[in-house]
1. Looking at this structure, is A:Leu30 more than 51 Å from the chain's Cα centre (by Cα), away from every other protein chain (no Cβ under 13 Å) and surrounded by 15 or more Cβ atoms within 10 Å (Cβ to Cβ)?
2. For B:Leu127, indicate whether it is more than 11 Å from chain A (Cβ to nearest Cβ), free of Cβ contacts under 8 Å to residues at least 12 places away in the same chain and at negative phi.
3. Restricting the first residue to the stretch A:54-69 and requiring it to be touching a residue at least 12 places away in the same chain (Cβ under 8 Å) and more than 8 Å from chain B (Cβ to nearest Cβ), which pairs with a second residue that is open to solvent by less than 40 Å² (accessible area, probe 1.4 Å) and among the polar types (S, T, N, Q) meet a Cβ separation below 9 Å and a spacing of at least six or different chains?
4. I need the full set of residues from the stretch B:16-27 which are assigned to a helix (DSSP H, G or I) and away from every other protein chain (no Cβ under 11 Å), in order please.
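The values are calculated or read from the model by the stated rules, or taken from the named source; none is laboratory data. Since we're looking at a predicted model, the values are computed, not measured. Please note: Cβ atoms are built from the backbone with ideal geometry, for glycine as well, and neighbour counts cover all protein chains shown. Surface accessibility is based on the protein's heavy atoms, side chains included, excluding ligands, DNA and RNA. Shrake-Rupley method; radii C 1.70, N 1.55, O 1.52, S 1.80 Å.
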Amino acid sequence: MNCEWITEHICDMLGGLLTPEEHDAVQAHLNVCPECSFFVSELRQDMLLLQGLGDVPVPVDLKLRIAEALAKPKPQKNPWRFFLPRFAPVAAAVLISILSINTIPGYMASREQLTKETQIDGAPRLQMAAPDQRGADPEVEGTGNCTVTDTINAGAKLGAATEELMTMSLAADKTEPSLWVVSSAAGSTVLLLWGAVVYRWYKKV
Amino acid sequence: MLSAYDDGELISKCKQGDTDAFGQLVDKYQQRVYNITFRMTNNHEDALDLAQESFLRVYRALASFKGESAFSTWIFRIASNVCLDKLRQKKRQPHIVLSMDSLMAGEEGDYPIEISAGEASNPEQHLLQGEMRREIRQALNAVSDEHRLVLVLRDIEGYSYEEIADMVGANIGTIKSRLNRARLALREVLTVREPLTSSARLREQKGG
């Protein structure tokens, strides 16, 4: 028997639930341990104080209030109260998904188109650079001294740019599954948010 | 007379829509339900609301009461759950600073204080007892809701471990261990207030 045992079994001690052997052992410990003895007497005093608190006067209008509440007609059940929390999140998630699928690819496509235009606009500039590489006058186009070779070279460069654009377009196609990820994530977020709102609402009700 | 009916008969009548029978049940249990709601909230306004809510829930759920446990245990379980729900809800709300008057308000509130012959014999002793009661009530209010509930049910209301286990929905071992921790927590709170409580006890012992 030690102080720790007393602390752990204080409930049984105060409730008179110890075996006679345990009771004797506890008593023997309390006789030699003033700290435990003081601790147990304090707890016993606390219990006596709690028991002494007794009944609290009941307000006279409690029964009246209950009777009035029971007499009130039951509020009409709103069907939306059932359907709204259950189906609105699904509808919202679907709507967000559809909007995401329609708008995000549109945005991506417009970006792609812009890139293509930039590249095509860039093609004549490449053509401008061609004479420079041959050591000729860089202002070829401006002066009108464009040769057949220049035209062929420019055409070849334009073809290469077009090919590059097609490669980029194919690469863009491969990135499309990420749109589904984005839309799914948006839908899931809405579902989670709605779940939180419904949970709080139910707790309030 | 209707009051002569036992709980089973009153419940049967309530299920048939007899609100007078329910009134009899309210009469029978309102004191103990109100004790729980007041001890858990420490103010009359909330205690009244929660007692009302408890009885309304009992009335609405009467159809589902199968008599697997005693009706009294069932009703106190509902009252305990109503209190814990309300206290959890309050904790989520912004903290409201109470006035000192409301903090120091006695449990008698606006009601006349009935002083027993023993208490009234010595005005000083009565004052000290009042002081100690206030201390223990404030300490009770300072422990956690779960601890307060087992202290109220066991030490104030005097229910058995089995009844409390049934009300709280836990096994007896859990209740004993929770009660143990609750008493230690209460003692810890009171230790902080030790000078006042101890001196009051000492004076009371000397006076008694």
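1. Spelling it out, A:Leu30 is indeed more than 51 Å from the chain's Cα centre (by Cα), away from every other protein chain (no Cβ under 13 Å) and surrounded by 15 or more Cβ atoms within 10 Å (Cβ to Cβ).
2. Against the criterion (more than 11 Å from chain A (Cβ to nearest Cβ), free of Cβ contacts under 8 Å to residues at least 12 places away in the same chain and at negative phi), B:Leu127 qualifies.
3. Here the result reads none, with nothing in the stretch A:54-69 linked to a residue that is open to solvent by less than 40 Å² (accessible area, probe 1.4 Å) and among the polar types (S, T, N, Q).
4. The answer is B:Ala21, and nothing else.
Matching residues to (1) crowded, with 16+ Cβ neighbours inside 10 Å; (2) more than 10 Å from chain A (Cβ to nearest Cβ); (3) among the charged types (D, E, K, R):
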site: B:Ile11; (1), (2), (3): yes, yes, no
site: B:Cys14; (1), (2), (3): yes, yes, no
site: B:Asn35; (1), (2), (3): yes, no, no
site: B:His44; (1), (2), (3): yes, no, no
site: B:Glu53; (1), (2), (3): yes, no, yes
site: B:Tyr59; (1), (2), (3): yes, no, no
site: B:Ile75; (1), (2), (3): yes, yes, no
